[in-house]
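The next block holds one structure in the form of structure tokens; read it before the comments.
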Amino acid sequence: LFVLLAAPAAMYAVGDTVHRHYRSTAEHEARTRDQRPAVLVHDAPRHPEPGSDEARETRYPVEVRFTGPDGAVRTGTTDVEPGLPADSTVLVWVDAAGEITGPPLTADEIRSRTMGWALLAFLGVVLAGLAAHGVTGLVLHRRNLAGWDAAWADTARRWTKAP
């Protein structure tokens, strides 16, 4: 019964805490990051099969040049579509320190991470409950065997006495 009550409670508590954490993280990232244009320094590699579905989703790391928040020209590496020529412009996310970084967390990312942690909390409580049930069953089984052993030792003396 404890597991039936504790598992959903743990799921809710962990989910709520994690959701608030990731929402706060996303808000901080949105305040401290912005998109900036960057220019490719070198040609991006071409995909072996241009026009394929895989080529549309594949990205290659390429060195780019961009202006940081302090106005200084910087270079960094970002993933771009295959086959882009040098001097092409792409958008990159830059943090307050002027480093290329990923975009802020989206609502879908926050939701999926929250659900993942909530499910892990639920499973953790269920597995802990199953482990407690197993250990309790083992202890009770050993106790019963010890009791039967003691009862048999007492009964065996009466059955094995010579008349």
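From (1) outside any loop (DSSP other than H, G, I, E, B); (2) open to solvent by 90 Å² or more (accessible area, probe 1.4 Å), pick out the condition that doesn't hold for Asp43. Condition not satisfied by Asp43: (1). If you go through the stretch 65-123 and keep only what is farther than 28 Å from Val18 by Cα, charged (D, E, K, R), modelled with pLDDT under 95 and out of contact with any Gly (no Cβ under 7 Å at 6 or more places or on another chain), you end up with Asp79, Glu81, Asp87. Among the numbered conditions (1) of a type in the set (A, V, I, L, M, F, W, C); (2) surrounded by 12 or more Cβ atoms within 10 Å (Cβ to Cβ); (3) free of Cβ contacts under 8 Å to residues at least 24 places away in the same chain; (4) assigned to a helix (DSSP H, G or I), the only one that Leu140 does not meet is (2). Among residues of the stretch 1-40 being among the basic types (Lys, Arg), surrounded by 14 or more Cβ atoms within 10 Å (Cβ to Cβ) and out of contact with any Pro (no Cβ under 7 Å at 6 or more places or on another chain), the one that is modelled with the lowest pLDDT is Arg36. Within the stretch 46-64, the residues that satisfy the criterion of being open to solvent by less than 100 Å² (accessible area, probe 1.4 Å), at pLDDT below 80, not in a helix (DSSP H, G or I) and not hydroxyl-bearing (Ser, Thr, Tyr) are His47, Gly51.
The values are calculated or read from the model by the stated rules, or taken from the named source; none is laboratory data. Remember, predicted model here, so these are calculated numbers, not experimental data. Every residue, glycine as well, gets a Cβ built from its backbone with ideal geometry; the counts of neighbours run over all protein chains shown. Just the protein is used for accessible areas: all its heavy atoms, side chains included, with ligands, DNA and RNA removed. Shrake-Rupley method; radii C 1.70, N 1.55, O 1.52, S 1.80 Å.
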